[in-house]
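Here's the structure we're looking at; comments come further down.
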Amino acid sequence: MSYLLFVAGFGVAVTYLFWARDVRIFLRTGLAGYRAAAYHDVAYATLSLVAIDIAIIWNEVVGLGFILLALYLQGRETREKVFVRGDPTLARLLGKAPPKER
């Protein structure tokens, strides 16, 4: 077991964090782009879970490559602009978007 498994585990955790962020932003704003991104994030999180299994059982580098692919695809989703330029990084990371107008 090498350090690459820890890197792969961190990558899986990040894919789930991004999924939770997109779900939270969709629930707060109701924007369709974040809804579609949250649906696609389910597939990317599943890919990262399969990839960590590949890394544990077969080859660490191949598994890490699949996790990086999942993270790359997660970043390519089209979403609406929710945050303005001066927002803090932690607020953006946690998905603290302004709530939708009622």
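Each value in this text was obtained by applying a stated rule to the coordinates, not by laboratory testing. These figures come from a predicted structure and were not determined experimentally. With ideal geometry, Cβ positions are generated from the backbone for all residues, glycine too; neighbour counts draw on all protein chains shown.
Which entry in (i) 145, 23, 7; (ii) 51, 24, 17; (iii) 70, 32, 20 is this structure's computed Cα extents along the principal axes in Å?
After the calculation, the listed value that fits is (ii).
Where does helix 32-57 land angle-wise versus the long Cα axis of the chain, in degrees 0 to 90, nearest 10?
10
To the nearest 0.05, how large is the calculated FRET efficiency for residue 90 and residue 10 if R₀ is 22 Å and r is the Cβ-Cβ distance?
Efficiency, from the Cβ-Cβ distance: 0.75.
Which whole-Hz couplings ³J(HN,Hα) result when phi for each residue of the range 59-64 is put into the Karplus expression 6.51 cos²θ - 1.76 cosθ + 1.60, θ = phi - 60°, listed in order with x for Gly and Pro?
Using θ = phi - 60°, the values come out as 9, 5, 5, 5, x, 5 Hz.
What 222 nm value per residue comes from the helices of the chain, counting each DSSP H run with n ≥ 4 as -39,500 (n - 2.57) and dividing by all residues, nearest 500 deg cm²/dmol?
-25000 deg cm²/dmol
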